[in-house]
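> Sharing a structure here in structure tokens format.
The values are calculated or read from the model by the stated rules, or taken from the named source; none is laboratory data. Small disclaimer: the values here were computed from a predicted structure and weren't measured. So basically every Cβ, Gly included, is an ideal-geometry build from the backbone, and we count neighbours across all protein chains shown. In case anyone asks, the SASA skips ligands and DNA or RNA and just uses the protein heavy atoms, side chains included. Shrake-Rupley method; radii C 1.70, N 1.55, O 1.52, S 1.80 Å.
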Amino acid sequence: QLVLMILWVKGQLFLALNSNTATDVELTKINTLEFSSRTLISNIDTDEAVTAGYNFTVGICSIVKDADAYLDEWLDYHLVAMNIDNIYLYDHSKQNYLKKWYKNTRNHPLYRRVHVTPWGHVQINPQMKAYNDCILRFGRNDDLPKFLKLLNRMSTKKMDYLALIDVDEFFMPRGNYTSVHGVVKDYLEPYGGALVVNWIMFGSANKTFYKPIPVLKRFQYREEAPIGIIKTIVKASDFLAVRNPHAVHVQPGKLVRTTEYKGAIRLESKTGASSKASAASPSSALLIYHHRYLSAKEYDEKNCIRGDVGQRLSVKCNIGKQRSYTREELQADGKPLHLAATSGTVFDESAWKLLCDRVPKYRAFDDALSWGDYT
């Protein structure tokens, strides 16, 4: 039955790619089905939602590559401090480096809620395809086509809502909110569709190279205000297709909203990756603390040696000088300024304090005498 299903999918892909009537959305949904039989059966589990006080579940979909140095911290923060129910990692290393970690954590009280799918074999649009696969396979959706219902039945406890973020991005509730669930309950559950959350950029704190200290401890200087670039939390049953790594298409009759106020409808840019509303960067309920840069050497290595997911070298790399672009170079070329590393101007330790409060083992790093950082 599994072989027949895969053959059927490949046939549909061939027809779609050779049809003049297939829409971009249809192609995107079909293209995501580049899974293999080992991917289909890698995550069978029966774990339950863990967040008390809510009648819905929230999960995270993320594609990872060379993120091992800070992965545990990111998982601890979202599983414990944010009470995220399940996390679905798509391992884009060709060597499937997370395979052993996944096998060794199936009985772990916390990390058993993390599910790993090998994804190194997907080379074209791997991030968009991972997000599509994640929502269709792990999201709660009773209206899927018959051939996709088999995938959905074989997966773990279904997630009602799924956030599409990277492992250098940390949710940060604002105001009276203490979890992502609380924001979803007020800003997304009553309306359905999707909710966008704005970035606020954290700088390098003038650090030069890597040191084994948590991200949230070491990099605590951010920019003054959020920017218009967003990431998305989508209700799985209202999902239609991934538009790009930042945005999604939702079912007809459903809308994408912001946290500007309850029920606020988003006015988006052409690509959907940013907002163009007068209040483009609402920050009263939830933000994403984006730790893109880290130290100067880490940022250069990521951009000019390892490359981004799905790309040999990053667009952030000045290839001639073998380093990341400076702000001045980006400005001269008319490229987005947020691609250049900054040191950050506003001290903000709120995410670190939240992590230490809810995961006490991290308090050891607050001993300044033992963890001096002179880089």
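> With the requirement that a residue be surrounded by fewer than 22 Cβ atoms within 10 Å (Cβ to Cβ), among the hydroxyl-bearing types (Ser, Thr, Tyr) and in a helix (DSSP H, G or I), what does the stretch 92-134 give you?
Result: 102, 111.
> Also: Say whether the condition of being open to solvent by less than 30 Å² (accessible area, probe 1.4 Å), of a type in the set (Val, Ile, Thr) and either within 26 Å of residue 63 (Cβ to Cβ) or modelled with pLDDT of 90 or more (or both) is met by at least one residue in the stretch 271-278.
no
> Please identify the pairs in which a residue from the stretch 113-131 that is over 16 Å from residue 100 (Cβ atoms) has its Cβ atom under 7 Å from the Cβ atom of a residue that is part of a strand (DSSP E or B) and open to solvent by 20 Å² or more (accessible area, probe 1.4 Å), counting only partners at least 6 apart or on another chain.
128/244
> Let me ask you something else. Which condition breaks for residue 336 when tested against (1) at pLDDT 80 or above; (2) within 25 Å of residue 226 (Cα to Cα); (3) open to solvent by less than 90 Å² (accessible area, probe 1.4 Å)?
Result: residue 336 passes all but (1).
> Further question: Open to solvent by less than 60 Å² (accessible area, probe 1.4 Å) and modelled with pLDDT under 95: does that describe residue 236?
No; evaluated as a whole, the condition is false for this residue.
> Which residues, counting only those in the stretch 239-254, are more than 30 Å from residue 202 (Cα to Cα) and open to solvent by 30 Å² or more (accessible area, probe 1.4 Å)?
Selection gives 240, 251, 252, 253, 254.
> Determine if the stretch 192-213 includes at least one residue that is more than 19 Å from the chain's Cα centre (by Cα), of a type in the set (S, T, N, Q) and either crowded, with 20+ Cβ neighbours inside 10 Å or outside any loop (DSSP other than H, G, I, E, B) (or both).
Looking for residues that are more than 19 Å from the chain's Cα centre (by Cα), of a type in the set (S, T, N, Q) and either crowded, with 20+ Cβ neighbours inside 10 Å or outside any loop (DSSP other than H, G, I, E, B) (or both), one finds at least one in the stretch 192-213, hence yes.
> So which pairs qualify, if the first residue must be in the stretch 186-202 and on the phi > 0 side of the Ramachandran plot, the second must be among the acidic types (Asp, Glu) and modelled with pLDDT of 95 or more, the Cβ gap must be under 9 Å, and the two must be at least 6 apart or on different chains?
Partner pairs satisfying both residue conditions: 192/238; 193/238.
> From the list 337, 355, which one is touching a Leu at 6+ places or on another chain (Cβ under 6 Å), free of Cβ contacts under 8 Å to residues at least 40 places away in the same chain and of a type outside the set (Ser, Thr, Tyr)?
Matching residue, one of 337, 355: 337.
> Restricting attention to the stretch 214-231, which residues are assigned to a strand (DSSP E or B) and open to solvent by less than 50 Å² (accessible area, probe 1.4 Å)?
Within the stretch 214-231, 222, 229, 230, 231 meet the criteria.
> Any idea how many residues of the stretch 163-180 are closer than 20 Å to residue 62 by Cα, part of a loop (DSSP other than H, G, I, E, B) and either touching a helix residue (DSSP H, G or I) at 6+ places or on another chain (Cβ under 8 Å) or not aliphatic (A, V, I, L, M) (or both)?
4
> Taking the conditions exactly as written (in a loop (DSSP other than H, G, I, E, B), open to solvent by less than 60 Å² (accessible area, probe 1.4 Å) and at pLDDT below 95), does residue 148 satisfy them or not?
Criteria not met by residue 148.
> Taking the stretch 64-91 only, how many residues are over 18 Å from residue 213 (Cβ atoms), open to solvent by 10 Å² or more (accessible area, probe 1.4 Å) and either assigned to a loop (DSSP other than H, G, I, E, B) or at pLDDT below 95 (or both)?
Matching residues across the stretch 64-91 total 3.
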